[in-house]
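> Got a structure for you, questions after.
Throughout, read-outs are computed from the coordinates displayed, never taken from laboratory work. None of these values were measured; they are calculated from a predicted model. Positions of Cβ are generated from backbone atoms using ideal geometry, with glycine treated the same way; all protein chains shown enter the neighbour counts.
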Amino acid sequence: QVQLQQSGAELTKPGSSVKISCKASGYTFTSYDISWIKQRPGQALEWIGAINPGSGGTGYNEKFKGKATLTVDKSSSTAFMQLSSLTPEDTAVYYCAMAVTIAALDYWGQGVMVTVSS
Amino acid sequence: DIQMTQSPASLSASLGETVTIECLASEDIYSNLAWYQQKPGKSPQLLIYYANSLNDGVPSRFSGSGSGTQYSLKINSLQSEDVSIYFCQQNYDSPFTFGSGTKLEIK
């Protein structure tokens, strides 16, 4: 079955960077785009961007350009998101997700809590 | 960016009641609208896609409707397990924006 397994929680300092992962299984990794979504505590969801694992092509929400960098490693069927120049406003749960069967996000990872604090 | 205005922000209803949540897009999104349910501490789960198509495994008491800029999610015969936050999302144009969410509680 399709699964997206994300890495563990991160505690980081302002100004630093963090790279979180999303390991895919149960399907051909290059078949579907992987999206990344941000959710601040008690807040709504924000679409950060998406990557095509086959081509490496990316699309970003303008708001997150320069903040998030999406990459993949096809050999391990893993997608990555690096967040740079972290501030407390980057404290959030970050999800990876895919639209496999339909034009909506029908598979989600469990989320990664990133906490930025001095 | 397409703005998604979701209402109400919170809702309290009794078991067995019918509730409706609405989403208004800032421009026509041609039914490219999804609804998600998020239970506390969990990832969002897809309920409805293309405005009115029920995702596999979702109870039939959930239904979606709408077109153009106006969409709604209806939950019939409210159950205790429906306590969640519900989000809409437009999938028509990047960035694929979400509504601000509706927190549903049981009276």
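> Restricting attention to region A:1-46, report how many residues are of a type in the set (S, T, Y) and not in a strand (DSSP E or B).
The total comes to 8.
> In addition: Going by the structure shown, is A:T69 part of a strand (DSSP E or B) and on the phi < 0 side of the Ramachandran plot?
Numbers: part of a strand (DSSP E or B): yes; on the phi < 0 side of the Ramachandran plot: yes.
It is true that A:T69 is part of a strand (DSSP E or B) and on the phi < 0 side of the Ramachandran plot.
> Residues A:L4, A:L45: which one is within 20 Å of B:Q90 (Cβ to Cβ) and within 14 Å of chain B (Cβ to nearest Cβ)?
Of A:L4, A:L45, the one residue that is within 20 Å of B:Q90 (Cβ to Cβ) and within 14 Å of chain B (Cβ to nearest Cβ) is A:L45.
> Take region A:79-112 and flag every residue that is hydroxyl-bearing (S, T, Y) and crowded, with 20+ Cβ neighbours inside 10 Å.
As a first pass, look at region A:79-112 and keep what is hydroxyl-bearing (S, T, Y): A:84-85, A:87, A:91, A:94-95, A:101, A:107.
Result: A:Y94, A:Y95, A:Y107.
> Working only within region B:11-38, note down all residues that are over 18 Å from A:W47 (Cα atoms) and within 12 Å of chain A (Cβ to nearest Cβ).
Across region B:11-38, the qualifying residues are B:Y30, B:S31.
> In region A:85-118, which residue that is more than 18 Å from A:I51 (Cα to Cα) and in a loop (DSSP other than H, G, I, E, B) is farthest from the other protein chains (Cβ to nearest Cβ)?
A:S118
> Counting only residues that are free of Cβ contacts under 8 Å to residues at least 60 places away in the same chain, closer than 21 Å to B:E105 by Cβ and not hydroxyl-bearing (S, T, Y), how many does region B:8-37 have?
Number satisfying all stated conditions: 3.
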